[in-house]
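These notes are about the structure you will find just below.
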Amino acid sequence: MILLAACSSASRDEAATTTTMTTTTTEVEAPATLRGAGDEAGVRVGVALPASRLDDADATALAAAEFSALTPENEMKWSVVEAERDVIDFTAADELVAFAEQHDMAVRGHTLVWGQAVGNGMPDWLADLPPDEVRAEVGVFIDEVVGHYRGRVPRWDVVNEPISLAGPVLDDNPISRALGPDWVAWALDRAHAADPDAELWINEHSVESLPDKADALVALVEDLRAAGAPLDGVGLQTHLFSGAPPEPGAIAELVGRLRALDVRVAITELDLPLVDGSTLETQADGFAQVVEECLAAGCEEVTVWGLDDSASWLDAFLGRTDTDPLLFDEDLRPKPAHASVREVLLAAA
Ligand code: XIL
């Protein structure tokens with residue numbers, strides 16, 4: 001609740017023509033939306049959306065009202081933009097960027113180099129190429145995409161999942177083998193040349209729960225800093241697959257270590273599935289714990305990986321139909337986790 005002091009003309013005596021000023025108080029409700037609460041806290045609140053959702057008027061109205069940032073869920077991935085070698089198609093990504101611009105939502109470009117996903121988020125055809133051609137193709141793809149959106153997409157997840165699955169080493173994949181040991185810095189340099197004004201990020205998963213992997217991420221950031229690579233930020237995906245929040249303090253500690261290296265930090269893909277024994281209330285507490293720790297330690301953005309429980313990737317990924325890991329239910333109604341995240345944002349304002 002915000003109290004505003006107002007000065008008003010209260011009485012006018014005809015003869016003396018005096019005006020008396022009195023002070024009244026007006027109660028202004030705190031913002032009802034995550035976006036409004038995030039604006040007050042100076043925090044971007046983002047959502048991943050697929051272009052297919054743009055036809056759903058209720059979903060788009062909700063997304064624009066509740067979120068100030070947007071990540072294209074798949075549409076900027078190499079496997080979508082260049083499914084066929086040398087045939088570039090920005091149609092779906094352009095639709096999402098236009099939607100974001102229309103609603104003043106900041107786009108997180110996702111993602112340019114995702115070596116672990118060759119044959120998945122990366123095109124199949126890349127797997128068959130000799131290393132020198134992979135290297136050339138990675139460079140051209142970065143140039144094409146970052147160049148296409150220059151001035152419109154303010155930040156990129158340049159390298160997704162640079163650390164091996166469980167840590168503690170850099171990932172070994174067709175792209176890292178082709179580019180050599182400095183592949184992450186190489187990709188950052190190339191993206192920087194394509195848009196010197198864009199923020200450049202790396203993005204990693206499971207670091208909140210795997211200490212060795214967190215150490216490897218911090219070591220990578222130290223190396224990139226020492227090499228003078230144009231790294232601006234580190235995204236923590238924060239898919240909480242187990243259905244439980246991380247150990248209390250884990251997020252705060254990791255964010256603090258990263259911030260000490262002078263990089264921006266964001267939660268980029270948050271979801272928290274329901275599992276046996278959890279309730280909507282424990283889910284709400286889990287979301288609140290993660291967001292609170294992150295903001296207190298200096299995160300500047302929290303993005304959830306999907307708008308509502310009808311549209312989460314986790315159902316397919318975990319082979320279930322009922323993970324319900326997001327902030328709105330299947331009928332687009334806010335869940336208890338929406339309220340708890342909003343409270344945390346308002347408390348940070
Ligand atoms: C997921 C999408 O949500 C799915 O639709 C797709 O089938 C696979 O990729 N980490 C990432 C995201 O960085 O790009 C992934 O998105 C989820 C895990």
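Worth a mention:
- Taking region 163-317 and dividing mean pair separation by its residue count, relative contact order in percent (alpha carbons under 8 Å, at least six apart): 20 percent
- The packing ranking, built from the mean of other Cβ atoms within 10 Å per residue, places the peptides 247-254, 68-75 in the order 68-75, 247-254, highest first.
- Prolate/oblate/rounded label for region 130-169 (Cα gyration tensor, a/c 1.5): oblate
- The long axis of helix 131-148 is offset from the longest Cα principal axis of the chain by roughly 20 degrees.
- Mean Cβ count within 10 Å, highest first, over the residues of peptides 206-216, 97-107: 206-216, 97-107
- At R0 = 41 Å, FRET efficiency that the Cβ-Cβ distance of Ala219 and Leu280 yields, to 0.05: 0.60
- Relative packing of peptides 54-65, 140-151, 34-45 - highest average C-beta neighbours within 10 Å first: 34-45, 140-151, 54-65
- Here the extension length gained between Asp56 and Ala166 equals 35.8 nm, from 0.36 nm per residue of separation less the Cα-Cα distance.
- With both residues required to sit in the chain, DSSP beta bridges show an antiparallel share near 25%.
- For region 249-265, Karplus couplings with θ = phi - 60° (6.51, -1.76, 1.60), whole Hz, Gly/Pro x: x, 5, 5, 4, 5, 5, 4, x, 5, 6, 4, 5, 8, 6, 10, 6, 9
- The spacing between region 34-62 and region 127-161, judged by their C-alpha centroids, is 26 Å.
- Its residue count N sets the reference 2.2 N^0.38 Å, and the alpha-carbon radius of gyration of region 130-285 equals 1.12 times that reference.
- Each residue, Leu261 and Asp329, gets one label point 7 Å from its Cα in the Cβ direction; the gap between the two is 4.2 nm.
- Each residue of region 266-273 was assigned a 3J(HN,Hα) from its phi angle through the Karplus curve 6.51 cos²θ - 1.76 cosθ + 1.60 (θ = phi - 60°); the sequence is 9, 8, 10, 8, 5, 7, 9, x Hz, with glycine and proline shown as x.
Each reported figure results from applying straightforward, stated rules to the coordinates on display, with no laboratory input. These numbers were taken from a predicted model, which means no experiment stands behind them. Note that we place each Cβ from the backbone using ideal geometry, even for glycine, and neighbour counts take in every protein chain shown.
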